[in-house]
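Shown next, in structure tokens, is the structure this report addresses.
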Amino acid sequence: PTDPQHTWTHYQKLLPAHPDYVGTYYHAGKLLEEFGKKAEAEQVYRTGLVAARKAGQQHAASEILQALNSCLGLDYEDE
């Protein structure tokens, strides 16, 4: 099994080095949520949302927005 803290160390390098790689934001945000760091996750999702929209990646933007809403407790879907 992968060590989540080790994974986070890689994300901390990847995000600034490849800010246009949209997929990283979603996974980094989810990992931060696992750590209980919702405020940091929210910031990562918001940055990723901007990057995805700038890149014209609407599907990715939609997924990140969904994750952001969930993080903020704004998802009203029935589970």
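Worth pointing out:
- Answer residue from segment 34-62, given it is within 9 Å of the chain's Cα centre (by Cα) and of a type in the set (D, E, K, R) and is least open to solvent (accessible area, probe 1.4 Å) among those: GLU42
- Yes/no for THR2 being out of contact with any Asp or Glu (no Cβ under 8 Å at 6 or more places or on another chain), open to solvent by less than 40 Å² (accessible area, probe 1.4 Å) and not hydrophobic (A, V, I, L, M, F, W, C): no
- Out of TYR25, TYR21, sole residue that is within 14 Å of the chain's Cα centre (by Cα) and open to solvent by 90 Å² or more (accessible area, probe 1.4 Å): TYR21
The values are calculated or read from the model by the stated rules, or taken from the named source; none is laboratory data. Quick caveat: nothing in here was measured; it's all calculated off a predicted structure. With ideal geometry, Cβ positions are generated from the backbone for all residues, glycine too; neighbour counts draw on all protein chains shown. Areas reflect the complete protein model, heavy atoms only, side chains present, ligands, DNA and RNA absent. Shrake-Rupley method; radii C 1.70, N 1.55, O 1.52, S 1.80 Å.
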